[in-house]
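Participant: Submitted below is the structure of interest, expressed as structure tokens.
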Amino acid sequence: MITKENKIEMYKKHGKGEKDSGSTSVQIALITERIKHLSGHLKTSKKDYASQRGLLMLVGQRRRLLAYLKKRDLTGYNTILKQLDLRK
């Protein structure tokens, strides 16, 4: 899981400061970390369908946030894609 220290580092890296937890880029980064964690869990627990549904919901939420960011701030969208290594 994501620890408190990891969250603060993400806030600093992707947001405007240490307390910026609501900006779109920070939310996308946090969801991406949760997706990575759940993907690793599902590799070992193939029949955990509740976690699989949660993963699909997170992917959809991240997709909607990325679409919003692309519509509002194209440069921010491109930087977050490069930083998180999404959409190659």
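Participant: Quick check, is SER39 more than 24 Å from ARG87 (Cβ to Cβ), surrounded by fewer than 15 Cβ atoms within 10 Å (Cβ to Cβ), small (Gly, Ala, Ser) and touching a helix residue (DSSP H, G or I) at 6+ places or on another chain (Cβ under 9 Å)? Talk me through it step by step, then tell me what you get.
Facilitator: Numbers: more than 24 Å from ARG87 (Cβ to Cβ): no; surrounded by fewer than 15 Cβ atoms within 10 Å (Cβ to Cβ): yes; small (Gly, Ala, Ser): yes; touching a helix residue (DSSP H, G or I) at 6+ places or on another chain (Cβ under 9 Å): yes.
No.
Participant: Restrict the check to the range 15-32 and report whether at least one residue is of a type in the set (Ser, Thr, Tyr) and exposed (fewer than 11 other Cβ atoms within 10 Å of the Cβ). Even if it seems obvious, please write down each step before you answer.
Facilitator: Residues of the range 15-32 that are of a type in the set (Ser, Thr, Tyr), as a first pass: 21, 23-25, 32.
Add one more test, that the residue is exposed (fewer than 11 other Cβ atoms within 10 Å of the Cβ), and what stays is none.
There is no residue in the range 15-32 that is of a type in the set (Ser, Thr, Tyr) and exposed (fewer than 11 other Cβ atoms within 10 Å of the Cβ).
Participant: When residues of the range 8-33 are filtered for being touching an Asp or Glu at 6+ places or on another chain (Cβ under 9 Å) and either in contact (Cβ under 8 Å) with a residue 60 or more places away in the chain or of a type outside the set (Val, Ile, Thr) (or both), how many remain?
Facilitator: 5
Participant: Then there's this: Just give me the residues in the range 8-46 being modelled with pLDDT under 90 and farther than 14 Å from THR79 by Cβ, in sequence order.
Facilitator: Those that are modelled with pLDDT under 90 and farther than 14 Å from THR79 by Cβ: GLY17, GLU18, LYS19, ASP20, SER21.
Participant: Which residues, taken from the range 34-58, are β-branched (Val, Ile, Thr) and touching a residue at least 12 places away in the same chain (Cβ under 8 Å)? Working first, answer last.
Facilitator: Within the range 34-58, the first condition is being β-branched (Val, Ile, Thr), and the residues that meet it are 35, 44.
Correct list: ILE35 only.
The values are calculated or read from the model by the stated rules, or taken from the named source; none is laboratory data. A quick note: this is a predicted structure, and the numbers were derived from the prediction, not measured. Here the Cβ is made from the backbone with ideal geometry for all residues, glycine too, and neighbour counts use every protein chain on show.
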